[in-house]
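Here's the structure, in structure tokens; my notes come after.
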Amino acid sequence: MSNFSSDRSPAYVVMQRIFDEGFTEGDTAVVDEVCSPDLIEHQFGLAGVGGDAVRHVKAAIEDVHRAFPDIVFTVEDAVESGDTIWVRVRGRGTASGPYFGPPSGNAIDITVIDIARVVDGRIVEHWGVPDRFAALAQTGVLARLS
């Protein structure tokens, strides 16, 4: 189901695959294909090095897909410099799985900013900034806290 194009850079294709095959389709096997086994992960909640980082990314894919099974991620913008790529991604789906409580059934529309160093077709270092606050607000979690 991936919609990556062969006319894109190798780094763009790698990022597209992790969002299409991983976060959209829920296939954690793509992590082994597009991430270095020595991955350095900086994203809050996923940080780690090597096998720990790879396991954290796979767990994140499972968590996102469990909470929002119909989510679709679209790379809307990308900029590259050397071995580094910055992408702005939009995620849209329905909170039909548990997310800090029972499913709300609410639609979500969030932005993710990712920065990755890609060497020899694999992500070797990653920083991610998903708009978790928007997800909490749109699913009704924040309203339950007030």
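The values are calculated or read from the model by the stated rules, or taken from the named source; none is laboratory data. Everything quoted here is computed from the prediction, not taken from an experiment. Note that we place each Cβ from the backbone using ideal geometry, even for glycine, and neighbour counts take in every protein chain shown. Side chains are part of the model used for accessible areas, which takes the heavy atoms of the whole protein and leaves out ligands, DNA and RNA. Shrake-Rupley method; radii C 1.70, N 1.55, O 1.52, S 1.80 Å.
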[x] 12.2; [y] 7.6; [z] 8.2, with the label sought being that of the calculated mean projected area of the Cα convex hull in nm²: [z]
Label zone at D77, where the point sits 7 Å out along the Cα-to-Cβ direction: region 11-36 residues whose backbone N lies under 18 Å: 12, 16
Per residue accessible area in Å² of the chain, where ligands, DNA and RNA are left out and the probe is 1.4 Å: 51
Options H65, L39, G22, ranked by Cα towards positive dipole end of the chain, top entry (Cβ charges): H65
Expected 222 nm ellipticity per residue - DSSP helices of 4 or more, -39500 (n - 2.57), all of the chain, to 500: -8000 deg cm²/dmol
Between region 43-60 and region 94-119, the alpha-carbon center distance in angstrom: 17
Whole-Hz couplings from phi, Karplus 6.51/-1.76/1.60, listed for region 42-55; x for Gly and Pro: 9, 4, 3, x, 10, 3, x, 9, x, x, 4, 4, 4, 4
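In debye, nearest 20, what is the charge dipole magnitude of the chain about its Cα centre with +1 on Lys and Arg Cβ and -1 on Asp and Glu Cβ, if you could check?
520
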Percent carbon-and-sulfur accessible area, region 27-106, ignoring ligands, DNA and RNA, probe 1.4 Å: 54
Packing-based order for 18-26, 55-63, using average beta carbon neighbours within 10 Å, highest first: 18-26, 55-63
3J(HN,Hα) from dihedral phi, region 20-31, Karplus parametrisation 6.51/-1.76/1.60, rounded to Hz, x for glycine, proline: 5, 6, x, 6, 7, 8, x, 8, 6, 4, 4, 4
